[in-house]
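A quick write-up on the structure given underneath.
A short reminder: the numbers here are calculations on the coordinates, not readings from a lab. Note that the coordinates shown come from a computational prediction; the quantities given were computed from them, not determined experimentally. Ideal geometry is used to build each Cβ from the backbone, glycine not excepted, and the neighbour counts take in all protein chains shown.
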Amino acid sequence: NEDQFKNVISHAKEYGFVFQSSEIYDGLSAVYDYGQLGAELKNNIKTYWWKSMVQMHENIVGIDSAIFMHPKVWKASGHVDGFNDPMIDNKDSKKRYRADQLLEDKIERYKKDGKTNKAEELQAAMDDALQNEDLPQLKALIEQHEIACPVSGTRNWTEVRQFNLMFSTQFGAMAEGSDAVYLRPETAQGIFVNFLNVQKSGRMKIPFGIAQIGKAFRNEVIARQFIMRMREFEQMEMQFFVRPGEDGKWFEYWKAERLKWHKALGTSPEKYRFHDHVKLAHYANAATDIEFEFPFGFKEVEGIHSRTDFDLKQHEAFSGKKMQYFDNDLNEDGKPFGNYVPYVIETSIGLDRMFLLTMIQAYEEQDLSDGEKQDSRTVLHLHPCLAPIKAAILPLTKKDGLPEKAREIMDMLKFDHNLTYEEKDSIGKRYRRMDAIGTPFCITIDHQSLEDNTVTIRHRDSMEQERVAIVDLPKIIGDKVSW
Ligand code: ATP
């Protein structure tokens, strides 16, 4: 499994999906660039999300708010004071670790060694210490359980300290001593501060949602597992504003809805599970993660949080502006519900984690050997809607008018679909290259095509080929790749 993960990472680089940022300078840790195919796949995931959230819901609209926000936003949201990880340094290696991560690794080790009781005991003690922000207790647990630095092997630890995850920078003409501006650590606050702008200008009636896709930045201390945990990443978030008291119902609704979204891509259902939070963040009254079984275990891809009226109330308090909605629907007593600060259900998915999930799920090294000869291929079984390239246009040879005929087909299809044209190499090699990047269709133009206007269309997953009329291509491809 871990091996397969390594193969996916090198495949992603080899074919132009994901590169390490600033690679020629030995890279920048936990920052990645998307290459020519990665950018397409990422865009297609965004489109799938945007269409299903914004286009398919009459009462959800999308916005695009700025990365920079007023410094007070992050005071109001709690990020300045509370968006911390408990860190500990090893004095010998000078390496810094997340204290909870060290403990979690130990819990995993206990489990692997069959020491279930010890694992559970440590888990409970750690949860308690985290909940109470009891830093000395975290340190005590690290000592009691004899956790050594993975690099130096020693147990010479500093105290545990809180480390804020926000990146800060300065605006050009800021007076000395004034607040730093932050790179947003989540997109949600851009939605909260625009709640009334959108509600009024769009004449939105509760319940309604505001969606957004955008970059977020966190100074993660442990950067691991490729694009799982990055310092610059993208989120796709939706805040759904509801009447107080109806939050429980909508939380359940969005849980089910979001899982459906994941499963509609054809991913095996047993790869997904919910992980309900027992310990809740200060702003939440219910929270769950949608977890996917990555090669390194079940991990969060998406969070669904019932955030109460915490954020809007905080912004009322810090900005001095009302964040209320007037609800003229009638309640049980026949009176309007009147003014209130709405409750919020949020769905928040990491685009990069979804990208990784998609690559892992699609990747297969297939053995095609038969009795006589050894053969294999690497294929990405991407959902056709997500595939970076929908069809490859392949003239069988470079002469006899075949390239010209192929260009005609290309011109017919290129307005609707992202295509690639390739005339080099044997046809078999060209097919394999398309399999490796997940192209659902290969269209081969041969001499017969010049006579009867038919081509061969080859299907990626089954590798079956059929002869079809050129005029039928738009429908055949369109049916498979349209949303
Ligand atoms: P984790 O516990 O893994 O750090 P989180 O609970 O802090 O995640 P949220 O704040 O709920 O995450 O953010 C919502 C989503 O954003 C996550 O489900 C994840 O998909 C994504 N995400 C969060 N942090 C990162 C990161 N550093 N790199 C990539 N994606 C991230």
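For Asn219, nonlocal amide neighbours, meaning residues 5 or more places apart or on other chains whose placed amide H falls under 5 Å from its own, are Met166, Phe167.
In the chain, helices alone account for a calculated mean residue ellipticity at 222 nm of -10500 deg cm²/dmol, with every DSSP H run of four or more residues adding -39,500 (n - 2.57). In order along the stretch 332-341, phi translates into HN-Hα couplings of 4, 8, x, 10, x, 4, x, 7, 7, 8 Hz, rounded to whole numbers, per the Karplus curve 6.51 cos²θ - 1.76 cosθ + 1.60 with θ = phi - 60° and x for Gly and Pro.
Please identify the GluC sites (Glu not before Pro) of the stretch 35-131 that satisfy two criteria: DSSP loop assignment and at most 16 other Cβ atoms within 10 Å. Which are they? Filter output for the stretch 35-131: Glu58. Count Lys and Arg as plus one, Asp and Glu as minus one, and take only other residues whose Cβ is under 9 Å from that of Ile107; the net charge is then 0.
Taking every C-alpha pair closer than 8 Å and separated by at least 6 residues, the mean separation divided by the residue count of the chain gives a relative contact order of 13 percent. Summarising the strand pairing of the chain, around 85 percent of its internal DSSP beta bridges are antiparallel. Of the Cα atoms belonging to the stretch 389-481, the radius of gyration and Dmax stand at 11.8, 32 Å.
Applying a DSSP loop filter and a limit of 13 other Cβ atoms within 10 Å to the trypsin sites (Lys or Arg not before Pro) in the stretch 319-371 leaves Lys321, Lys322.
Computed extension length for Phe68-Glu159: 29.4 nm, one decimal, from 0.36 nm per residue of separation with the Cα-Cα distance subtracted. Between helix 2-14 and the chain there is an angle of about 60 degrees, using the helix long axis and the longest principal axis of the Cα atoms.
What translational D, rounded to a whole number of µm²/s, comes out for the chain from Stokes-Einstein when the hydrodynamic radius is the Kirkwood one over Cα pairs, at 25 °C and 0.890 mPa s?
95
Spatially, the stretch 302-325 and the stretch 364-392 are offset by 49 Å when compared through their Cα centroids. Using the Cβ-Cβ distance between Ser369 and His275 with R0 set to 30 Å, the FRET efficiency from 1/(1 + (r/R0)^6) comes to roughly 0.15. Annotation for the stretch 424-458 versus the stretch 54-110: alpha-carbon center distance of 47 Å.
Calculated FRET efficiency, Ser376 to Glu232, Cβ-Cβ distance, R0 = 51 Å: about 0.90 to the nearest 0.05. Values of log10 I(q)/I(0) for the stretch 84-164 across q = 0.13 Å⁻¹ run -0.36, by the Debye formula with one identical scatterer at each alpha carbon and no solvent.
Would you mind calculating the gained length between Thr116 and Glu146 on full extension (0.36 nm times residue separation, minus the Cα-Cα distance), in nm to one decimal?
The Thr116-Glu146 span can extend by a further 9.1 nm.
Between Asp134 and Asn418, the simple spin-label model (points 7 angstrom out along Cα→Cβ) gives 5.2 nm. Here the relative contact order of the stretch 84-164, from alpha carbon pairs under 8 Å that lie six or more residues apart, stands at 47 percent. Relative protection proxy for 447-454, 132-139, from highest mean packing down: 132-139, 447-454 (other beta-carbon atoms within 10 angstrom).
Between Ala362, Leu138, Thr158, whose Cα lies farthest towards the positive end of the dipole of the chain when Lys and Arg beta carbons carry +1 and Asp and Glu beta carbons carry -1, centred on the Cα centre? Going by the Cα projections, it comes out as Thr158. Using the Karplus relation 6.51 cos²θ - 1.76 cosθ + 1.60 with θ = phi - 60°, the per-residue 3J(HN,Hα) values for the stretch 200-208 come to 6, 5, x, 6, 7, 10, 5, x, 8 Hz, with x marking Gly and Pro. If the Kirkwood radius is taken over C-alpha pairs of the stretch 197-292, then at 20 °C and 1.002 mPa s the Stokes-Einstein diffusion coefficient equals 132 µm²/s.
Listed by Cβ neighbour count within 10 Å, with the fewest neighbours leading, Thr116, Thr397 appear as Thr116, Thr397. In a reduced charge model with +1 at each Lys and Arg Cβ and -1 at each Asp and Glu Cβ, the chain shows a dipole moment near 720 debye about its Cα centre. For the stretch 324-364, GluC sites (Glu not before Pro) meeting the loop criterion (DSSP other than H, G, I, E, B) and having at most 12 other Cβ atoms within 10 Å: Glu332.
Which FRET efficiency value, to the nearest 0.05, do you get for Ser10 and Ser168 by plugging their Cβ-Cβ distance into 1/(1 + (r/R0)^6) with R0 = 41 Å? Result of the calculation: an efficiency of 0.70.
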